[in-house]
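The structure appears right after this line, and notes come after that.
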Amino acid sequence: MNLSVQKEPEHSFFDKLKNCAALFGKYLPALLLAFVAIRFMEFIYISMTNDLPRDLRTVAAQALLSDSITFIEMLPFLFLPFFFVYLTTGTMRPRYWAFGAGGSIVIVLYALLVKYFATTLVPLGSDLFGYSLNDIAVTVKGGTTLDPITLVLIILPPALFWATLAFVSTRKPLKSFTAFMLLGAGIMMTLTVSALPAGTVFKSELSYNLAVNKVAFFSRESYLYFSHSAKGPVKNIAPNKGKRPDNGIGFKYVNPEYPFLRTDETPDVLGPFFNVDSTRPPNIVFILVEGLGKAFSGPNAYLGSFTPFLDDLSEKSLYWENFLASQGRTFAALPSILASLPYAEQGFNDLGQRMPNQLSLMSILKHNGYRIKFYYGSDLNFDNERMFLQRQGVHVMVGIDDYEKKYAKSPGTSWGYADRELMMKSIEMDTHDSQQPYLAFIQTTSMHTSYSIPDQERYLKLFEERMDRLGLDASHKERHRPYGKIYSTIMYTDDALRFFFEQYAKLPAYGNTLFIITGDHRLPEIPMSTKIDRFHVPLIIFSPLLKRAAHFQSISSHLDITPSLTAFLKKNYHIDAPSVVTWVGSGLDTDPSFRNVHNYPLKHTKTNLIDYISGMYFIDQDILFSIGKSMDLEPIQDEGKKNQLIAEFNQYKILNDRFTHDLKLIPDSVYEQYRP
């Protein structure tokens, strides 16, 4: 390798700029070849672990376009530090090594973004910045696997880069005019062209996620995040005296200083389904199932249902088929389900010590003499859940450090205890609670990367048997098998739930207990079909107190659970609850027909509030969809309807920004009366 190639004399700053650009252009093929290798390996990785999209030609063409634009747009940003090195050094050797070191860092980071996508099937965006270092460490430790293709992905592109760099370093520099043209094109395209493809040209969410360049996606999301953060929350919003988001019902807001404070006029829609003894308030048991999506659970599951126990239970229950999680990850699940709270900036829990006084189903029931318990198999500090629960006055909190030696942790992951162990722990602690009514919340973890469970081989066999029972043909089976480990975990959790109900039926409290089962969000590692698929989860309310089972096609969400449960308990058991609330949701819809009377935001990730549903329409960023049967989405062109949803969405954002700035939810006078 000869680094003493003759260079033009440099008499001025422009000469140095010209020569630096020529040298930079000479080295670029090495970086370009490494980028091509990473993209090629990304497609190989996905083909080995997943079923490639059916519109593969479109995906490949859009990927080529996205990669080309991304590479050109990167050039000015890479050139600036290289030019600094050029100005501060006088020979080729340090410039060569500087380009090599910088290029290696960029290549490894790109490869890691691809690895993240290959694991989750979702590109990494600004949600990275919404988690603490401890949460990131827990997630990486619990879900990252180091397989041979990952090693090749991390090692081969840098090796190819250095080999090519050594070769091109012996060639003549690129003409400075050509180099300036490339840099100019990068600047112009950065200002005028998006490297992200249009979402409407793809047949599925996976198709879009595979086509998009992961560097471009992360860069765009990071820019939006930090530019928004630099502006800070809205500080000068006048008290809103006009229209507020009403979720389909005319909310009566009572105090402009508290943006979400309103009278509680939620109707009792659950009472008619239950046998009620007003002298015996029921126990309430929530089971929040990690990753439980409607795509693979219950009737009309488009992937086929791999939850046979939940399917049987739903036939004896109140079952909402078209139910929505309020968030695309777990971070907002507890505040949404238990208190129907606004999101703040990065989820209510992210406020930490700044969480304002709030009332939840937990705190209201504690005020009414309920014992409040929370069971988890993992770290209670993750997503700041411990602090939220402490604010609700929870009597018993069980996390990863609270299990005796007789309980076994999940193999092959650091998340903690498998779901069956969690169920055993909760049953053990609930056995003696029969005199005092209680609310227990069980949060599972097994249906999470790395999808490692006890006795996995047994559940892999059950997965194969389940495909036979579902009558899947050979081609469908082949499309499912790349996700066999995930499906085996789904069947394990379903089996753990079967065990839980079999054992719970033996407890004295069983006959007077309501069980509420839902998913925190749909797991993304099995490819999603639409933008709303990640939110589409089932809701099951089962109880021995039920008069009859019922199946609802109408749409509701996590935000509607607490309003309806509170209304049910107020009317039928006369619990003492406030007349003013801060619920974002308006209550469950028990109409059997397929309809949506609600409108509310759905928070995609901690840092992205880009999704909104209103009636039979859904908006993702600036794309409008109509909602069809089975929650299918069809992109439509209707500027009037689109502007209506954007206006409604913006109204929520204004109130949410005001709340985030002022941190006022409920007056002290109301809070002190019902404080936990």
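When LYS570, LYS606 are screened for being out of contact with any strand residue (DSSP E or B) (no Cβ under 8 Å at 6 or more places or on another chain) and open to solvent by 20 Å² or more (accessible area, probe 1.4 Å), only LYS570 passes.
Can you give me the number of residues within segment 80-98 that are open to solvent by 20 Å² or more (accessible area, probe 1.4 Å) and either basic (Lys, Arg) or in a loop (DSSP other than H, G, I, E, B) (or both)? Walk me through it before giving the result.
Of all residues in segment 80-98, those open to solvent by 20 Å² or more (accessible area, probe 1.4 Å) come to 80-81, 83-85, 87-94, 97-98.
Subsequent filtering for residues that are either basic (Lys, Arg) or in a loop (DSSP other than H, G, I, E, B) (or both) retains 89-91, 93.
Residues meeting the conditions: 4.
The single condition among (1) open to solvent by 10 Å² or more (accessible area, probe 1.4 Å); (2) of a type outside the set (Phe, Trp, Tyr); (3) in a helix (DSSP H, G or I); (4) within 28 Å of LEU196 (Cα to Cα) that GLU672 does not satisfy is (4). Hey, among the residues in segment 183-215 that are loosely packed, with under 13 Cβ neighbours inside 10 Å and within 14 Å of LEU65 (Cα to Cα), which one's nearest to the chain's Cα centre (by Cα)? So the residue we want is ALA198.
Screening SER132 against (1) open to solvent by 50 Å² or more (accessible area, probe 1.4 Å); (2) at pLDDT 80 or above leaves a single unmet condition, (2). From the list PHE167, PHE180, PHE161, the one residue that fits, being under 15 Å from LEU28 (Cα atoms), hydrophobic (A, V, I, L, M, F, W, C), assigned to a helix (DSSP H, G or I) and open to solvent by less than 60 Å² (accessible area, probe 1.4 Å), is PHE161. Consider segment 412-441. How many of its residues are of a type in the set (S, T, N, Q), part of a helix (DSSP H, G or I) and surrounded by fewer than 19 Cβ atoms within 10 Å (Cβ to Cβ)? Matching residues across segment 412-441 total 0.
Would a scan of segment 218-240 turn up a residue that is part of a strand (DSSP E or B), surrounded by 14 or more Cβ atoms within 10 Å (Cβ to Cβ) and at pLDDT 90 or above? Steps first, please.
Of the residues in segment 218-240, the ones part of a strand (DSSP E or B) are none.
The answer is no, given that none of the residues of segment 218-240 is part of a strand (DSSP E or B), surrounded by 14 or more Cβ atoms within 10 Å (Cβ to Cβ) and at pLDDT 90 or above.
Yes/no matrix, rows are residues, columns are (1) in contact with a Lys or Arg (Cβ under 7 Å, 6 or more places away or on another chain); (2) among the hydroxyl-bearing types (Ser, Thr, Tyr); (3) not in a helix (DSSP H, G or I):
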{"residue": "PRO29", "(1), (2), (3)": "no, no, no"}
{"residue": "LEU33", "(1), (2), (3)": "no, no, no"}
{"residue": "ASP51", "(1), (2), (3)": "yes, no, yes"}
{"residue": "MET74", "(1), (2), (3)": "no, no, no"}
{"residue": "LEU78", "(1), (2), (3)": "no, no, no"}
{"residue": "GLY100", "(1), (2), (3)": "no, no, no"}
{"residue": "ALA111", "(1), (2), (3)": "no, no, no"}
{"residue": "VAL122", "(1), (2), (3)": "no, no, yes"}
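Residues being touching a strand residue (DSSP E or B) at 6+ places or on another chain (Cβ under 7 Å) and open to solvent by 10 Å² or more (accessible area, probe 1.4 Å): count how many of those fall in segment 573-582.
Residues meeting the conditions: 2.
Residues that are hydroxyl-bearing (Ser, Thr, Tyr), closer than 19 Å to ALA179 by Cα and crowded, with 17+ Cβ neighbours inside 10 Å are absent from segment 34-45. When GLY585 is tested against (1) open to solvent by less than 30 Å² (accessible area, probe 1.4 Å); (2) more than 30 Å from PHE129 (Cβ to Cβ); (3) small (Gly, Ala, Ser), only condition (2) is not met.
When THR449 is tested against (1) part of a loop (DSSP other than H, G, I, E, B); (2) closer than 12 Å to MET491 by Cα, only condition (2) is not met.
Checking TYR459, TYR407 one by one, the residue that is more than 24 Å from ALA332 (Cβ to Cβ) and part of a helix (DSSP H, G or I) is TYR459 and no other. Given (1) more than 30 Å from HIS228 (Cβ to Cβ); (2) open to solvent by less than 50 Å² (accessible area, probe 1.4 Å); (3) not polar (S, T, N, Q), identify the lone condition not met by ILE613. The single condition ILE613 does not satisfy is (1). Restricting attention to segment 529-561, the residues being open to solvent by 10 Å² or more (accessible area, probe 1.4 Å) and in a loop (DSSP other than H, G, I, E, B) number 9. Within segment 623-635, the set of residues being loosely packed, with under 13 Cβ neighbours inside 10 Å and free of Cβ contacts under 8 Å to residues at least 24 places away in the same chain comprises GLY628, GLU634.
Looking at segment 471-491 only, could you name the residues that are in a helix (DSSP H, G or I) and over 16 Å from ARG458 (Cα atoms)? If the condition is that a residue be in a helix (DSSP H, G or I) and over 16 Å from ARG458 (Cα atoms), then ALA474, SER475, HIS476, LYS477, GLU478, ARG479, HIS480, PRO482 are the ones that fit. Tell me, yes or no, whether segment 344-358 has at least one residue that is buried (at least 23 other Cβ atoms within 10 Å of the Cβ), farther than 25 Å from PRO123 by Cα and among the hydrophobic types (A, V, I, L, M, F, W, C). Within segment 344-358, none of the residues are buried (at least 23 other Cβ atoms within 10 Å of the Cβ), farther than 25 Å from PRO123 by Cα and among the hydrophobic types (A, V, I, L, M, F, W, C).
Assess whether ARG522 counts as being modelled with pLDDT of 95 or more, open to solvent by less than 40 Å² (accessible area, probe 1.4 Å), touching a strand residue (DSSP E or B) at 6+ places or on another chain (Cβ under 9 Å) and within 30 Å of LYS203 (Cβ to Cβ).
Against the criterion (modelled with pLDDT of 95 or more, open to solvent by less than 40 Å² (accessible area, probe 1.4 Å), touching a strand residue (DSSP E or B) at 6+ places or on another chain (Cβ under 9 Å) and within 30 Å of LYS203 (Cβ to Cβ)), ARG522 qualifies.
The sole residue among ASP15, ASP51, ASP55 that is acidic (Asp, Glu) and either at pLDDT 95 or above or closer than 19 Å to LYS175 by Cβ (or both) is ASP15.
Residues in segment 183-204 that are assigned to a helix (DSSP H, G or I) and either at pLDDT 90 or above or closer than 19 Å to PHE99 by Cα (or both): 10 in all.
Has segment 298-320 got at least one residue that is under 20 Å from GLY585 (Cβ atoms), modelled with pLDDT of 95 or more, out of contact with any Leu (no Cβ under 6 Å at 6 or more places or on another chain) and open to solvent by less than 10 Å² (accessible area, probe 1.4 Å)? Within segment 298-320, one or more residues are under 20 Å from GLY585 (Cβ atoms), modelled with pLDDT of 95 or more, out of contact with any Leu (no Cβ under 6 Å at 6 or more places or on another chain) and open to solvent by less than 10 Å² (accessible area, probe 1.4 Å).
The values are calculated or read from the model by the stated rules, or taken from the named source; none is laboratory data. Fair warning: this is a prediction, and the values are worked out from it, not measured in the lab. Cβ: placed from backbone, ideal geometry, glycine included. Neighbour counts: every protein chain shown. Only protein heavy atoms, including side chains, enter the accessible area calculation; ligands, DNA and RNA are left aside. Shrake-Rupley method; radii C 1.70, N 1.55, O 1.52, S 1.80 Å.
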